[in-house]
Structure formats: structure tokens, C-alpha cells
Amino acid sequence: MNRRKVAAALVVVAVLVAGGWTYVSVLGPSNGTDKGEKTHTPVARHPYNLLNWYDIAWEFVGYEDFLTPLDRIAKFRNRYGTSDGYYAAADYLVDLLESMGIVASFSGLHDSVIGYQPGYGNDSRAIVFGAHLDTDEDGGLQVQQNAGGCAVVAAIAASLSHFRLPINIYYCFYQGNTQFLDSQKNVRALWGSRETVQFLKEQGVHVIASFNFDEVLYRDPLQPESERLVAQYYYEGVVGWHKSRYLAELLMNFMRKSGLNIMTAEEGLGEQTDQRPFWDAGLPAVNIASGHHIDPEFPPQDSTSSPDYNRTQAWYLARAAAATAVYLGMKGNGVQSMEKLYRTIEPYSTARLTTIVTARQHLMLNGTVSSAGDVSIRVYNSTADLLPEQDITSKNFSLTCPEPALIGPATVIVRNRGNKTVTVRVSLYYYSDTDGNGVYDCAQYSWPPPDPPLDWDGDGLPDANETAAGTDIFLPDTDGDGMNDYAEVRYGLDPLYDDGDLDLDSDGLTNLREVLIGTSPRDNDTDNDGCSDNWEVVFRTDPLVNDSALDPDHDNLTNLEEYRYGADPFSQDGDFDGLPDPVEAQIGTDPLEADTDGDGISDLLEVQEHLNPLSPDNDMDLVIDGEDANPRVNILFILFLLTIVPVTVGSLVLWRRLRL
């Protein structure tokens, strides 16, 4: 008896365990692993999300964006005055700018080229980039003077044409730089830049910065590397720091992104070149030229591949100038200036961010670190520690520098003192006063929302909506499922989950197929014409237009009727069995199947032979019509009669005899 009880108890326990396991594995919670339940895996974000906007402008200047115009312009020899070479080069630049979507035309009596990229703001602020296109009368160093400078301006345009900024951008290629007003050739005419300044004044343009590029290629390895390029600015004591040295330091700061220290700043009038009319008009302007001096007894080899010319330094210059424009152009609209320092820092290494402060203030920082305890942060300028080196003891931190920053460069250094790689995300906040008038840019400048809205990736979903939806403004298809973010948001799909292979409306078309076609993945009849989207796609009617009343095959069946009967709207006999679709619809056969009942005899023959095309066994003799010698006669019934009649008669006879 006890053994039986123990055995019974074991059976009960086994049943309970098996039942519990069944509930957990089959009926219980699936933790998001059911085939019908979506599991969100992190989508890969575009690397640009880790960058500042000015970093993106830097990245957008490709080497070919500089080399190609350099080579093309240099091929137009002798661009002096109104020569054919000048106009050939000018026409090339007009076409190049227009290919970027920039309005370009000749300007002034001397036919300089001006490209105009309008901003979406409501004020007249503008940045001007310029270089003289003409050469000396006798030709001279035509690549150095000044195909290199013009190629820099063209490369800047190649980057900034990708942006929509609130300020205007002008790209200028001047004529008249190499002409003189005196026979001794001491006073340059500078016709093109003078006319451009006059044009900007007449248009009421508020120039916040002008950069002129003049002979930027020459490099002598025997001269100081830090002076390969020089940024010349007007006297600070005359126009103030903000309209002079500030712009030079800002450009130099972005040049350091190259990892090279090859530019210096220089105060004074410098050479007579096209920044002078801007200075004369009181406009903030900087001239950038090679800081290495050419020995007239040993002139450089003047070709685009010359070993005396450093094309890389000019390319870096174009990248730095494009970054400068984006940095300046996005100041204002009630928003404090913010710069990112998002880095992965190797053990015992540092990352740094330098900005140019334009108003005395206490800088603020906040951010995150992947591992606290081994990371420190320091902020300093040329005279003092604004924030002495401080350990980051929490993964999330917020700091305010105790010492105020004065105008000029300020640097943030993040140090990894540990033996493991760390990820840091530091945001530096400060107020900008780029014109030095005592009013912060965020309060001084404002602009309405751009029309149309900004849409960086061109997917149809404005950047503001992408931010709200959590999608990536740099990726038109954030989750990589083949459907762009706009379509997913519009149709209520999940733009952060690969749901392209699902069929939300169960019409036989995947979400991806519907988006590509233009039908709604949430409505199995997008055009509400009574025909399902899948059927319309298969049979080539228009799933986006109500075409239910049409009869493209002229068989007296509308598209809707063809759909209901399962027929082909573009064929009067969809199954080519000889029976027109209207006849098949009337008798109930399948208009797309030549042998509806699958008995081996076509519908047409069954109709002609007066058989039932809807029954595979017309005479119900258990032999399908196609294998039946006589499908009209039930052989089983005949055999039954042949059997039952004699038996019945014999039985009756036997019964009568037995009674007798």
C-alpha cells in the first residue's frame, strides 16, 4: 500500500512539473520572443550625431572638391582683364556653382563672378568668401596666383551647399586684382572687390565676416611650419577685437582640426589684395595667404602638381573656412551656444575642445562618462585655470567654471587616467556675442521657422518631427528596413524596428511592398474601390485610384466584378479555355482555371458535352470524368441493377416455392 502511495505521489509531482513547464514555455510570458511580438534592438545611429554642426561642414569638403576646380581653373591660362581665358574660367565657375544649387552670375563693370546662397532667416546677415580669379598681364604664377584661392572658395561652396543656414553666403571671384592705378604698379585697382563691396552696401547686406584667399599654395620646407599660412586682420585698436583678431583666431582654431599647427595670425594692412575694400568700408575681414615668402631668384614650379605647392594645406583651409561659416551662421534664435566633445578615450590619453569666447562669462559643462573615477576634466585659457583639474566621480555630471573666461581661446581637456577605454560626452555651454556690441547673439538675432522645414536627410520628415519620433535626422531610413522614416511615421509603422516583412493589413502585401508601391500598409483597399490592394497589384489595375467601374478588357465585366468573380480584368478569357469570363462568371466556373473541377476535362468541353464543370464526377460513379469512358452513365448503378434484379426475382421465386 505504501509503495502505491509513493508511486502515486511521484506521478502527481511529475504532472505538476510538466504542467508548470508547459505554462511557462507555451502559455506563459514570452519576454518579447514570440514571433508575433516585436523586439526592439538598438538601431545604428549615423556618426554625425556625435559631431558638432561645424564638424559636419568640415567633413563635407572632399579633397576632390578642391583638386577638381584647381585643375580646371589652372588650365585657363592668362586670365588677365577681359581675356578669353578669364571668361572661360568665369563661365566654368558660374556653371560649377549653379550645379550646387547656388545662384551665380557676373557682377559689376568688370564682370566678377558672385554666387549667392540665401539663408532662411529674416535679417540681412551674410558671410563673404572671395578670391581673385585674374592673373598678371604676362601670365606669371597662374596656379599660385590665384587658382589655389579660387579652388578654396569653390570647395567651401561644395560643403555649405548641403546646408540651409539662417544667414546668407556669398561666393566671390574677383576681377581686377592684378590691374594697377599707376604706371609704377604700386596701387592695385582691386576693381572686383571694390564693386562687390559697393553692391553689398546697396543691397543692405550686413556682412558679419569676410574671408579672402590669396596665393595659399606655396610652401618652403626651410621656412617655419607654423607660418605656412597667415591670417591677416585689420588693426584691433581701430576696429576692435571682434571685427579683427576674433575672426582670425576662429579660423585658426578650426584649422587645428587637421592636427597641424600651420597657421598664424598677423595684424596690419599686409599686401594689397581684395580684403582691403572691406576694411576700408569698416567691414570685418581677414585675408589668408601663404606665410612663406617666394625668392624671386628661385620662383616655384607653377603647376598643379608642383612640389613647391602644398595642396593639402589649401584643402584644410577650405574645410576650416566652411566650419567657420556654420559656426557663425547658427548663432542666435534664443539658443545658448553649445559645443560637443563626444569621444572614446584610450587609457592614459586625453581629448580636448577649444572654443573662442566672445564675452566675459562663467563657462558651464555637463555630460556623461561610461566609467567614473578614472576621468578628470580641466578648463583653462591663456592666463588661468577656469576650472582646475577635477575628478569626475559620477557618470552624470554638471559643472560651472568658478573663474570667468575672458575673450579669446578657452580649452576643455578630459583625461582618462585609468587603464580601460572610456566614452565621454561633454557639452560646453556659453553665450556668444560675435559682434561685440554687448548683446548676446541668442537675444539679438532671431528668425522664423524655415519654410519648407529643415529636412537634413531628405526623407520628407522634417528634422523637428524626426527628433520627436526618435529617428535619425541623418538617415532617411533609421531602422534600415527599406521604408523611409516619413512613410513609417505617416502610416503609423515603427521607424525604429524592422517591420518591412510584416503585413499589417493582411492583404498579402508586405509593409515594405506597400510603401514602395504607394499603398497604405494599414488599409487593404487604399483607394476604397472594393478591390484589394494585392489583387490590384497582381492584375495591374491602379491601387491608388478608384477604377472599379472601368472595363479595360471590354468583356462587360467591370474591374470590381472581375475582382469578385476572380477574373483577369485585362483578358476576356483569363484562363484561355475558350469560355469568356462573363460566361464563366454566370455558370460559376473559375475564370482563371481552365479545369475548374480538376477532373481532367476543360470547362469548355464539359459545357459543350453538357457535363457539370463544377463536379469532377458528373455521373457520381466514383470515377472522375477525365478517366470515365462515359461520364454521363453511372456504371455502378448499372452494375447494381444487373445484380439486384436477378437476385430480387430469384428471391421472390424462392419465397413462393417455400410457401407452397
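The values are calculated or read from the model by the stated rules, or taken from the named source; none is laboratory data. None of the values given here were measured: they were computed from a predicted structure. Methodologically, a virtual Cβ is constructed for each residue, glycine included, from the backbone with ideal geometry; neighbour enumeration extends over all protein chains shown. Areas reflect the complete protein model, heavy atoms only, side chains present, ligands, DNA and RNA absent. Shrake-Rupley method; radii C 1.70, N 1.55, O 1.52, S 1.80 Å.
The table below lists the values:
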quantity	calculated
Hey, Asp435 outside any strand (DSSP E or B) and either crowded, with 19+ Cβ neighbours inside 10 Å or of a type outside the set (Asp, Glu) (or both) or not	yes
Given (1) closer than 22 Å to Tyr246 by Cα; (2) open to solvent by 60 Å² or more (accessible area, probe 1.4 Å); (3) at pLDDT 95 or above, index of the condition Val335 fails	(3)
Matching residues, the range 223-246, being in contact (Cβ under 8 Å) with a residue 40 or more places away in the chain and of a type in the set (A, V, I, L, M, F, W, C)	Leu229, Val230, Ala231, Val239, Trp241
Exclusive hit being touching a Phe, Trp or Tyr at 6+ places or on another chain (Cβ under 8 Å), in contact (Cβ under 8 Å) with a residue 40 or more places away in the chain and of a type in the set (Lys, Arg), set Arg415, Arg425	Arg425
Cβ pairs under 7 Å, 6+ apart, first in the range 92-119 and on the phi > 0 side of the Ramachandran plot, second open to solvent by 50 Å² or more (accessible area, probe 1.4 Å) and at pLDDT 95 or above	Gly108/Phe199
Verdict on Gly650 being at positive phi, at pLDDT 70 or above and either touching a helix residue (DSSP H, G or I) at 6+ places or on another chain (Cβ under 6 Å) or open to solvent by less than 70 Å² (accessible area, probe 1.4 Å) (or both)	no
Conditions (1) buried (at least 18 other Cβ atoms within 10 Å of the Cβ); (2) under 36 Å from the mean Cα position of the chain (by Cα); (3) farther than 30 Å from His206 by Cβ; number of the one not met by Ile413	(1)
Residue list for the range 111-151, filter: polar (S, T, N, Q), assigned to a strand (DSSP E or B) and within 31 Å of the chain's Cα centre (by Cα)	Gln117
Any chance Ala155 is under 22 Å from Asp95 (Cα atoms) and open to solvent by less than 20 Å² (accessible area, probe 1.4 Å)	yes
Scope the range 61-79; condition at pLDDT 95 or above and surrounded by fewer than 20 Cβ atoms within 10 Å (Cβ to Cβ); matching residues	Gly62, Tyr63, Glu64, Leu67, Thr68, Asp71, Arg72
Within the range 460-513, tally of residues that are more than 18 Å from Pro42 (Cα to Cα), in contact with an Asp or Glu (Cβ under 7 Å, 6 or more places away or on another chain), of a type outside the set (S, T, N, Q) and in a loop (DSSP other than H, G, I, E, B)	5
Residue within the range 585-600 that is open to solvent by less than 80 Å² (accessible area, probe 1.4 Å), among the hydroxyl-bearing types (Ser, Thr, Tyr) and at pLDDT below 65 present	yes
Residues of the range 80-108 satisfying the condition of being open to solvent by 50 Å² or more (accessible area, probe 1.4 Å), in a loop (DSSP other than H, G, I, E, B) and either of a type in the set (Asp, Glu) or modelled with pLDDT of 95 or more (or both)	Gly101
Some residue of the range 168-175 being open to solvent by less than 10 Å² (accessible area, probe 1.4 Å) and not in a strand (DSSP E or B)	yes
Hey, Asn484 buried (at least 19 other Cβ atoms within 10 Å of the Cβ) and within 26 Å of Leu550 (Cβ to Cβ) or not	no
Single residue of the range 296-311 satisfying the filter (surrounded by fewer than 22 Cβ atoms within 10 Å (Cβ to Cβ) and in contact (Cβ under 8 Å) with a residue 60 or more places away in the chain) that is farthest from Lys257 (Cα to Cα)	Pro299
Residues of the range 364-384 satisfying the condition of being in contact with a Lys or Arg (Cβ under 8 Å, 6 or more places away or on another chain), part of a strand (DSSP E or B) and open to solvent by less than 60 Å² (accessible area, probe 1.4 Å)	Gly367, Thr368, Val369, Val375, Ser376, Ile377
